[in-house]
Amino acid sequence: MPLGQRAGDKSDSRYCGVETEFDDDMPQVLASNISGGFDFVVAPLMDPTYRPSLVKSDGSSASVLPFAGSDLILSPSQWSSHVVGKISSWIDLDSEDEVLRIDSEIALKQEIAWASHLSLQACLLPPPRGTSCGNYARCVNQILQGLNNMQLWLRVPLEKPDDDAMDASPNHLSGDSWEWWNSFRLLCEHHSQLSIALDILSSLPSANSLGRWFGEPVRAAIVHTNTFLTNARGYPCLSKRHQRLITGFFNHSIQIVISGKLLHSITMGISELAANHAENDVEGIHRHPLRSYLDYVGYLYQRMDPLPEQERFELGYRDFLQSPLQPLMDNLEAQTYETFEKDTVKYIQYQRAVCKALLDRVPDEKASSVTTVLMVVGAGRGPLVRASLQAAEETGRRLKVYAVEKNPNAVVTLHSLVKLEGWENIVTIISSDMRCWDAPEKADILVSELLGSFGDNELSPECLDGAQRFLKQDGISIPSSYTSFIQPVTASKLYNDVKSHKDLVHFETAYVVKLHSVARLAPSQPVFTFTHPNYSTNKNNQRYKKLRFEIPADTGSAMVHGLAGYFDATLYKDVHLGIEPTLATPNMFSWFAIFFPLRTPVCVQPGSPLDVHFWRCCGSSKVWYEWCITSPCQSPINNSNGRSYWVGL
Ligand SMILES: C[S@@+](CC[C@H](N)C(=O)[O-])C[C@H]1O[C@@H](n2cnc3c(N)ncnc32)[C@H](O)[C@@H]1O
């Protein structure tokens, strides 16, 4: 029974599981836990006393395995929807004891083969014993090579002593369990079916350290009953920090699994029991011993704020890689304009900027005698024309507008808009590329929105350099400047999605993406700034920037899969617009972030900085970015000469 309903949210975190002991009678195990309110069980598939070396073999390879019953004891859908296989915890593939090591390898392979035969969605692997887990990882890696769709959840305790940053030499066996996970996944080459089940303990590491996990492939969080506190009425509850963590898990589709014995014996009255258990008869209730823990987790789920409508709409875009638009080289489609035009916040900001510019340009006493020439360059289907006209009305200034657009299809709609609105005497439509239009007069104000997720990546600088010929010497450009930003991120899902293409081109491409399951490892830093109009004599839109990122010491080590990029634009004076997380314009949804992947993820340790180099390069027909890392290790220079990814001029 799902934990609750959250409009539009169909993520797996609605389902809560329970870890069970081995029991021969799997139908009974499942029935009692499902009727007790849990959605799935994490159950051992094999008798814990079984050891391959103890099986009396008659020498023939056809001896029957004694470890499991029949697959017929549950239906295929019960196996696949309600059972996560728990691999025997006795296995130790890195043991010095050869018999144990070999038994472990055989048992691991048998259990996973059996789980795979049952079409289970996932198996829970016992935790690695520290970072020295070469043989365990080798066997798992072998299994991963031939695995069907099943996920392998590596069990990892969520712990990191506060002081291990002081002591993080490369050979030090760190108490930071992230290091265990990292060693294991590096040995398994970041395999996309290898994921994590975090054991949540009663004490939690720092917020920065916890944050790392949200960029890793965590599928489940196992919460032990001894992690729960007791409230005044004797019920289990969690500390505030644990509550925030669990809510974070819900928001990242991470399923909760309750584990352990009943530690809170609540003496409930029958009416309270009935209220807590409305679906059952009061009489003959077989209340699940862990029900109060499940109810508490359900309460945390239900008390989350509903997702705002826009977030619901964007759920399908979370962590989904998209190619950036090329509005200069390509003509945008009606659907794309439609999406832009829904973002009222963007146009309100433009209207505010135009208002301020009109008031600065024309004093009140000249409001009725002076006409301001305003040119919207890249007018699309006209929303900035409308915003400008509304600004003129709001300020009582007279306006003459030129709407310049190079997409002939958008121009068709522009004409119909002007006619429909009766703007024929105010608005002149120019079907032309702004870089080659021969304007009949000069503009007081040039309004444009040619910004990409990384600011200059849709070639606003090149277009506006071409358009400023017809801006008066003292004229105003809206926007007046824009700056790109980057920050290093852990983003295992994005990395694996890029990797799945198995080619260099995809690793050297930037993607537009609604970042969700990422860990932002350090504050973002500005990269390139462009200012308009630009009257400098040696105008050049090529740029180079070296940035040094320091990851907070209490984070521990972290994996950098790539760089997240954003922009912030000053439209006019204090009116700005952007998506850089700390400056982002609230409720504006026209832009997602941009993601620049790294071919080989880089592990950054506390105290050792990450040095990133970024170039904006310009050729006669294209503009492109190159990027690389030079510390803590050298990466190749990505996208040399724009061989994989470029924006056409
Ligand atoms: C991001 S859209 C913005 C459209 C509209 N102003 C809005 O805010 O909804 C950019 C528009 O600029 C146009 N554009 C891009 N480069 C241009 C150029 N060099 N000359 C004229 N129009 C251009 C594109 O065709 C597109 O319609």
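Remarks
- Portion, in percent, of the accessible area of segment 334-449 that falls on carbon or sulfur, probe 1.4 Å: 49
- With only Cα atoms counted, segment 334-449 has Rg and Dmax values of 13.7, 44 Å.
- Shape category assigned to segment 309-359 from the gyration tensor of Cα positions, a/c cut at 1.5: oblate
- Taking 0.36 nm per residue of separation and subtracting the Cα-Cα distance, full extension of the segment from Ser369 to Lys10 would add 123.3 nm.
- Per-residue [θ]222 nm for the chain (sum of -39500 (n - 2.57) over DSSP H runs n ≥ 4, rounded to 500): -8000 deg cm²/dmol
- Amide N of segment 73-108 lying under 20 Å from the label point, which is placed 7 angstrom from the Cα of Arg138 along Cα→Cβ: 91-108
- For segment 111-118, the Karplus equation 6.51 cos²θ - 1.76 cosθ + 1.60, evaluated at θ = phi - 60°, returns couplings of 5, 6, 5, 5, 4, 5, 4, 7 Hz by residue, with Gly and Pro reported as x.
- Length added when fully stretched, Thr413-Tyr544, from 0.36 nm per residue minus Cα-Cα: 43.1 nm
- DSSP beta bridges fully contained in the chain are about 50 percent antiparallel.
- Accessible-area rank, largest first, for Asp444, Asp305, Asp97: Asp305, Asp97, Asp444, with all protein chains present and a 1.4 angstrom probe.
- In this rough spin-label picture, where each label sits 7 Å from Cα along the Cβ direction, the Thr600-Glu309 distance is 5.0 nm.
- If you take the alpha carbon atoms of segment 468-562 and fit the smallest convex hull around them, that volume is 168 Å³ per residue.
- Cβ-based charge dipole, the chain, positive-most Cα from Val498, Leu358, Cys618: Leu358
- The packing ranking of peptides 516-528, 414-426, highest mean first, is 516-528, 414-426, where packing means the average number of other beta carbon atoms within 10 angstrom of each residue.
- Per-pair calculated FRET efficiency, R0 = 25 Å: Gln326 and Asp438 via Cβ, rounded to 0.05: 0.45
- Given +1 at the Cβ of Lys and Arg, -1 at the Cβ of Asp and Glu and no other charges, the dipole of segment 481-648 around its Cα centre is 380 debye to the nearest 20.
- Projecting the Cα atoms of Ser177, Gly562, Tyr337 onto the charge dipole of the chain (Cβ charges, centred on the Cα centre) puts Tyr337 farthest toward the positive pole.
- Put simply, when 376-382, 123-129 are sorted by average Cβ atoms within 10 angstrom per residue, most first, you get 376-382, 123-129.
- Rounded to the nearest Hz, the phi-derived 3J(HN,Hα) couplings of segment 377-393 under the Karplus curve 6.51 cos²θ - 1.76 cosθ + 1.60 (θ = phi - 60°) are 9, x, 6, x, 9, x, x, 6, 5, 4, 4, 5, 5, 5, 5, 5, 5, where x marks glycine and proline.
- Derived scalar couplings ³J(HN,Hα) [segment 23-38; Karplus, 6.51 cos²θ - 1.76 cosθ + 1.60; whole Hz; x for Gly, Pro]: 8, 4, 8, 4, x, 5, 4, 5, 4, 5, 6, 5, 5, x, x, 7
- Scaled against 2.2 N^0.38 Å for its residue count N, the alpha carbon radius of gyration of segment 481-648 is 1.05.
- Relative contact order of segment 481-648, taken over Cα pairs closer than 8 Å and 6 or more residues apart, is 28 percent.
- Segment Ser89-Asn251, extension gain: residue separation times 0.36 nm, minus the distance between their alpha carbons: 55.3 nm
- Hull volume per residue, based on the alpha-carbon atoms of segment 384-543 and their convex hull, is 186 Å³.
- Amide H to amide H, with H built 1.01 Å from N, Val55 comes under 5 Å of no residue 5 or more places away or on another chain.
- In a reduced charge model with +1 at each Lys and Arg Cβ and -1 at each Asp and Glu Cβ, segment 569-649 shows a dipole moment near 260 debye about its Cα centre.
- Built amide H within the under 5 Å cut-off of Ile476, gap 5+: Ile445, Leu446
- Rounded accessible area per residue of the chain, 1.4 Å, Å²: 44
- The chain - charge dipole about Cα centre, Lys and Arg +1 at Cβ, Asp and Glu -1, debye rounded to 20: 1700
- Only one residue of Leu420, Val512, Phe470 has its Cα farthest out toward the positive end of the dipole of segment 402-558, where Lys and Arg carry +1 and Asp and Glu -1 on Cβ, and that residue is Val512.
- Segment 463-541-segment 20-52 distance, computed between alpha-carbon centres (Å): 52
- Sequence of Ile486, Ile430 from largest to smallest accessible area, 1.4 Å probe: Ile430, Ile486
- Computed over protein heavy atoms with a 1.4 Å probe, the carbon and sulfur contribution to the accessible area of segment 481-648 reaches 52%.
- For segment 90-228, the C-alpha radius of gyration sits at 1.07 times the compact-globule guess of 2.2 N^0.38 Å, with N the residue count.
- Rounded to the nearest 0.05, the FRET efficiency derived from the C-beta distance between Cys633 and Asn149 at R0 = 45 Å is 0.85.
- Share of pairwise Cα separations in the chain, more than 33 Å, in percent: 56
The values are calculated or read from the model by the stated rules, or taken from the named source; none is laboratory data. Note that the coordinates shown come from a computational prediction; the quantities given were computed from them, not determined experimentally. In this analysis, Cβ positions are derived from the backbone assuming ideal geometry, glycine residues included, and neighbour counts consider all displayed protein chains. Accessible surface is based on the protein model in full, side chains and every heavy atom, while ligands, DNA and RNA are left aside. Shrake-Rupley method; radii C 1.70, N 1.55, O 1.52, S 1.80 Å.
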